[in-house]
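Notes for the one structure printed next.
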Amino acid sequence: MTSVAPAGPRAGSRELPPAPPIWRTLGSRVVALCLVELQKLRHDRSELYTRAIQPALWLLIFGETFTRLRSIPTGNIPYLDYLAPGILAQSTLFMAIFYGIQIIWERDAGILTKLLVTPTPRSALIAGKGFAAGLRALSQVVVVLALSAILGVALNWNPLHLLGTIAAVLLGAAFFATVSMTIAGLANTRERLMGIGQAITMPLFFASNALYPLSVMPVWLRAVSIANPLSYEVDALRGLLLGTHAHLLLDFAVLAAALLAGVTTAASLLGRLAK
């Protein structure tokens with residue numbers, strides 16, 4: 001008997017190239033989605049200008065007034081200096097927490113359905129939109145730092161510290177954008193998302209160390225603040241911009257872990273939103 005040789009590739013056929021690593025595919029799609037979101041921003045910059053009003057009011061009115069009163073103990077740091085990083089974190093929070101409205105609009109326009117049938121992982125869609133919200137929030141960094149410099153806040157202008165500030169804002173804003181997209185998956189309408197977003201923004205802000213140190217809080221509020229990711233963003237910003245004692249490794253680890261959890265949760269609800 002003659003043995004049959006194993007069949008080789010057919011003449012004229014080509015072997016498929018190996019699939020690229022998942023991390024490379026995920027990263028390139030996240031970057032592509034960020035660029036798409038930034039293109040939208042270039043065509044409508046009015047949001048950036050209107051968002052600058054709120055941090056200006058907090059710094060000019062609240063910050064200047066409480067600096068004169070000296071009713072909040074902040075050590076050797078003037079209260080206005082202490083407040084500036086907190087207002088930076090607050091302004092990025094307020095910008096990101098309503099970002100889910102955009103994904104509901106894309107659902108209503110049929111764009112989300114088209115995105116979901118592409119090979120792009122849902123986690124990449126969420127991460128891309130989250131970091132796009134973070135890039136939008138960087139405009140608040142410019143506004144708050146410029147106002148702080150005008151008002152005489154003693155900021156640290158070390159380039160490495162400024163890069164750390166950008167990283168903290170990106171992570172914080174991206175996380176709160178994923179929270180907004182999670183709410184969008186649960187609420188399913190813009191009106192409900194707006195209501196829930198308005199209901200949680202002020203508690204998140206006041207239950208953090210943005211306005212006052214942990215030492216002046218009651219025990220129960222201190223526990224809430226320790227569990228609040230915004231507190232870690234503010235702590236990192238104060239350490240980077242003012243040179244105060246901060247737990248930078250812990251701060252960035254918590255922000256990164258919160259973002260990962262936010263991406264995972266929002267991605268799991270994306271299909272529910274598209275129905």
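Exactly one condition in (1) part of a helix (DSSP H, G or I); (2) under 24 Å from residue 246 (Cβ atoms); (3) more than 17 Å from the chain's Cα centre (by Cα) is false for residue 191; which is it?
Going through the list (1) part of a helix (DSSP H, G or I); (2) under 24 Å from residue 246 (Cβ atoms); (3) more than 17 Å from the chain's Cα centre (by Cα), residue 191 breaks only (2).
On the basis of being surrounded by 17 or more Cβ atoms within 10 Å (Cβ to Cβ), of a type in the set (A, V, I, L, M), modelled with pLDDT under 95 and assigned to a helix (DSSP H, G or I), does residue 237 make the cut?
no
With respect to the numbered conditions (1) among the hydroxyl-bearing types (Ser, Thr, Tyr); (2) part of a helix (DSSP H, G or I); (3) surrounded by fewer than 20 Cβ atoms within 10 Å (Cβ to Cβ), which one is the sole condition not fulfilled by residue 92?
(3) is the only condition that residue 92 fails.
From the list 59, 125, which one is in contact (Cβ under 8 Å) with a residue 40 or more places away in the chain, surrounded by 22 or more Cβ atoms within 10 Å (Cβ to Cβ) and either basic (Lys, Arg) or farther than 30 Å from residue 266 by Cα (or both)?
Going through 59, 125 in turn, the sole match is 59.
Could you check region 69-89 and list, in sequence order, the residues that are part of a loop (DSSP other than H, G, I, E, B) and buried (at least 24 other Cβ atoms within 10 Å of the Cβ)?
none
Can you tell me which of 178, 189 is under 30 Å from residue 110 (Cβ atoms) and buried (at least 17 other Cβ atoms within 10 Å of the Cβ)?
178
So, in region 30-59, how many residues would count as being at pLDDT 75 or above and within 18 Å of residue 141 (Cα to Cα)?
Of the residues in that region, 8 qualify.
Conditions (1) in contact (Cβ under 8 Å) with a residue 24 or more places away in the chain; (2) in contact with a Ser or Thr (Cβ under 8 Å, 6 or more places away or on another chain); (3) farther than 20 Å from residue 95 by Cβ; (4) part of a helix (DSSP H, G or I), marked per residue:
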{"site": "136", "(1), (2), (3), (4)": "yes, no, no, yes"}
{"site": "140", "(1), (2), (3), (4)": "yes, yes, no, yes"}
{"site": "146", "(1), (2), (3), (4)": "no, no, no, yes"}
{"site": "149", "(1), (2), (3), (4)": "no, no, yes, yes"}
{"site": "172", "(1), (2), (3), (4)": "yes, yes, no, yes"}
{"site": "177", "(1), (2), (3), (4)": "yes, no, no, yes"}
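Which condition does residue 212 not pass, out of (1) buried (at least 16 other Cβ atoms within 10 Å of the Cβ); (2) not in a loop (DSSP other than H, G, I, E, B); (3) not hydrophobic (A, V, I, L, M, F, W, C), if it passes all the others?
Tallying (1) buried (at least 16 other Cβ atoms within 10 Å of the Cβ); (2) not in a loop (DSSP other than H, G, I, E, B); (3) not hydrophobic (A, V, I, L, M, F, W, C), residue 212 fails exactly one: (2).
May I ask you to list the residues in region 230-266 that are closer than 23 Å to residue 155 by Cα, of a type in the set (Val, Ile, Thr) and under 14 Å from the mean Cα position of the chain (by Cα)?
234
Being surrounded by fewer than 21 Cβ atoms within 10 Å (Cβ to Cβ) and touching a helix residue (DSSP H, G or I) at 6+ places or on another chain (Cβ under 9 Å) is the filter; apply it to region 192-203 and report the residue that is farthest from residue 165 (Cα to Cα).
Across region 192-203, the extreme among qualifying residues is 192.
The values are calculated or read from the model by the stated rules, or taken from the named source; none is laboratory data. Source: prediction; values computed, not measured. Using ideal geometry, Cβ is built from the backbone for each residue, glycine included, and neighbour counts are taken over all protein chains shown.
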